[in-house]
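Visitor: Dropping the structure in here first, questions after.
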Amino acid sequence: MSSLNQDFEDYTDKAVDDLSALQDEFMKLYEIESYEHWYYDHTLGAFNFKSDSGKNLYFKYIDVGSFSTKANTWNWGWANSSTPVRVSRGLRKVKDFGEANGFEQLTKGLFDGDEYTGWAMTAIAAKQLSAIGAYRAPLDDVLFVYFIFTYELTQDEYDALKEKYIKCDLHESGRVAFVCQHLITDRGIGFNEALESDPDVDAADDYQAWCDECEKARLREGEWNDVSMAVAQIKVVCDQCYFVIKERNQSVI
């Protein structure tokens, strides 16, 4: 056995032990077994435990991946075309860690394994991303999805989160983003942002952008006011459309 494989096995065993201890605390603290139902929403990235009495418990989550007992394969969330980037983007840190250490299991999207593999990969993700707990959800008799929870949501936070998402004809649904009217159809006209955005990082504030001409109007007025806003005529798009628009307009042609 190579030292690299031994290093990975040692790291995995430690991560599994750490997750086991974490899960004991998580299950007791949140009384998870008192909830009869569970749901998850890839649009919001929110997991909901619900009791028959109407009590709800919410968490933000990362979709770590899935294990098929039929094919005996593990599929990382970032490699699954049916898993939105918004619920798997945190896994980039896990993948980068794998690349830095030569751990192939953390960089290969789909590979053979057993049921232990699912919890092992989840344990590593939990360790790398400072999770507060984990959960395995059966989709059917042969497919299980593994989640890690990053933080709890209050009812008010969950309700507010729902307000941040819209239906999109191209991407089904996505987080609300705002762009000037010109960015919708044009290309190569500049892209000015209220805050620096990255499709792999879930920003706390809404995405907002405008073209170079709108930036000139804003600077002439010294602020966003009725005059500069009339030039921009801000439109609402989903976050995935936002990053397509960003790529299309950052380079002047």
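The values are calculated or read from the model by the stated rules, or taken from the named source; none is laboratory data. None of the values given here were measured: they were computed from a predicted structure. Every residue, glycine as well, gets a Cβ built from its backbone with ideal geometry; the counts of neighbours run over all protein chains shown. Surface areas here come from the heavy atoms of the whole protein model, side chains and all, with no ligands, DNA or RNA. Shrake-Rupley method; radii C 1.70, N 1.55, O 1.52, S 1.80 Å.
Visitor: Once you've got the GNM for the chain with C-alpha springs shorter than 10 Å, pick whichever of Glu99, Glu33, Glu25 has the biggest mean-square fluctuation.
Guide: Result for the chain, Cα springs under 10 Å: Glu33 fluctuates most.
Visitor: Between segment 75-98 and segment 19-48, what is the separation of their alpha carbon centroids in Å?
Guide: 20
Visitor: Ranked highest first by the average count of other Cβ atoms within 10 Å around their residues, in what order do 85-93, 16-24 fall?
Guide: Packing proxy ranking, top to bottom: 85-93, 16-24.
Visitor: Hey, any idea what % of the chain's accessible area is carbon plus sulfur with a 1.4 Å probe?
Guide: On the way: 6560 of 13610 Å².
Exposed carbon and sulfur together represent 48 percent of the surface.
Visitor: So how strong a dipole does the chain carry about its Cα centre when Lys and Arg Cβ are +1 and Asp and Glu Cβ are -1, to the nearest 20 debye?
Guide: Numbers: 25 positive and 45 negative charges, 133 e Å.
Its charge dipole is roughly 640 debye.
Visitor: Right, next: Compute the separation of the alpha-carbon centres of segment 174-220 and segment 144-172 and state it in Å as a whole number.
Guide: After rounding, the separation between the Cα centres reads 23 Å.
Visitor: For Arg92 and Thr185 in the same chain, what is the full-extension length gain: residue separation times 0.36 nm, less their Cα-Cα distance, in nm? Spell out each step's value before the answer.
Guide: Values: separation 93, 0.36 × 93 = 33.48 nm, distance 3.14 nm.
Here the segment from Arg92 to Thr185 would lengthen by 30.3 nm.
Visitor: Turning to a different aspect of this structure: Run lengths n ≥ 4 of DSSP H only: what is the helix-derived mean residue ellipticity at 222 nm for the chain, with -39500 (n - 2.57) per run over all residues, to the nearest 500? Don't skip to the end; give the middle numbers.
Guide: Working: 8 runs with 93 residues, N = 253.
After summing the helix terms and dividing by residue count, I get -11500 deg cm²/dmol.
Visitor: So what are the three principal axis dimensions of segment 1-110 from its Cα atoms, in whole Å, longest to shortest?
Guide: The Cα atoms of segment 1-110 stretch 54, 32, 29 Å along their principal axes.
Visitor: Å³ per residue of the Cα convex hull, for segment 139-185? Walk me through the numbers on the way to the answer.
Guide: Numbers: hull volume 7.6 nm³, N = 47.
Cα convex hull per residue, to the nearest whole number: 163 Å³.
Visitor: Taking just the alpha carbons, could you work out the radius of gyration and Dmax for segment 54-191, both in angstroms?
Guide: That works out to 17.7, 52 Å for Rg and Dmax.
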